[in-house]
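The values are calculated or read from the model by the stated rules, or taken from the named source; none is laboratory data. Quick caveat: nothing in here was measured; it's all calculated off a predicted structure. Reconstructed Cβ throughout: ideal geometry from the backbone, glycine too, with neighbour counts over all protein chains shown. SASA here: full protein model, heavy atoms, side chains in, ligands and nucleic acids out. Shrake-Rupley method; radii C 1.70, N 1.55, O 1.52, S 1.80 Å.
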Amino acid sequence: MISPEYCRIMARYNAWQNSGLRDMLKDMPTDDLFQDRGAFFGSIIATLNHLLWGDTVWISRFDGGESTDLSGHEGLEMTPTPAVWAAERFALDARITLWAQSVQAVDLTGDLTWTSVIVDGQMTKPKGVCVMQFFNHQTHHRGQVHAMLTALGKKPAATDIPFMPEGA
């Protein structure tokens with residue numbers, strides 16, 4: 001269904017897009033980032049924290065590493081400031097990239113079983129579907145952040161995969 005190369009491209013894309021967000025957010029007024037903008041998670045920072053939380057949970061299922069004990073709701077406040085978010089995001093993107101660089105085709109076969117806090121129970125899905133969900137979830141919520149930034153008059157960089165720099 002998916003390949004290790006797909007994982008590597010999407011990990012690069014994820015890191016590239018988050019790098020652009022880190023650059024934009026460092027110069028923005030904190031109030032702009034924390035203001036409720038009517039998005040699903042309210043603010044820009046809450047949406048970014050949700051992504052950080054979700055990515056931490058998913059990558060731990062893939063690489064067997066550390067996860068978080070925070071609930072999904074608590075994850076909306078996973079980092080208290082944009083600077084802390086940027087540092088945590090940078091480290092997590094490196095972890096995702098390392099996983100993607102080492103993933104083999106066999107790692108993407110079979111089923112993954114986990115305890116979901118969303119459904120409060122155990123779930124089992126094909127690993128390939130779970131990895132697609134991981135990367136799709138990132139893109140979806142970054143799109144919400146992009147819309148909120150655009151509404152603020154900001155101009156986020158390109159988001160199309162074909163425009164991703166080779167070194168990204």
Taking r as the C-beta separation of A39 and V106 and R0 as 45 Å, the FRET efficiency to the nearest 0.05 is 0.70
Summing -39500 (n - 2.57) over every DSSP H run of at least 4 residues in the chain and dividing by its residue count gives a helix-only mean residue ellipticity at 222 nm, to the nearest 500 deg cm²/dmol, of -19000 deg cm²/dmol
Per the rule of 0.36 nm per residue minus the C-alpha distance, extending S19 to I161 adds in nm 49.7 nm
Relative contact order as a percentage, the chain, C-alpha pairs under 8 Å and 6+ apart, gives 31 percent
Expressed in square angstrom to the nearest 10, the accessible area of E88 with a 1.4 Å probe stands at 100 Å²
Quick shape check on the stretch 1-74: root eigenvalues a ≥ b ≥ c of the Cα gyration tensor, a/c under 1.5 is rounded, otherwise prolate if a/b tops b/c, else oblate, and it reads oblate
Per the rule of 0.36 nm per residue minus the C-alpha distance, extending K154 to A87 adds in nm 21.9 nm
Here the gain from full extension of S116 to R61, 0.36 nm per residue of separation minus their alpha-carbon distance, amounts to 18.7 nm
Taking a ≥ b ≥ c as the square roots of the eigenvalues of the Cα gyration tensor, with a/c under 1.5 meaning rounded and otherwise prolate when a/b exceeds b/c and oblate if not, the stretch 107-152 is oblate
Heavy-atom accessible area with a 1.4 angstrom probe orders S116, S67, most exposed first, as S67, S116
Row for the stretch 89-168, column shape: gyration tensor on C-alpha, a ≥ b ≥ c, rounded if a/c < 1.5 i.e. under 1.5, prolate if a/b over b/c, else oblate; value oblate
Between S3 and H140, Cβ-based FRET efficiency (R0 25 Å, step 0.05) works out to 0.70
Counting only residues 5 or more apart in sequence or on a different chain, those whose built amide H sits under 5 Å from that of L112 are K125, K127
Once all protein chains are kept in place, R22 shows an accessible area at probe 1.4 Å, nearest 10 Å², of 40 Å²
Taking Cα atoms only, Rg over Rh for the stretch 1-141 with Rh from the Kirkwood formula is 0.97
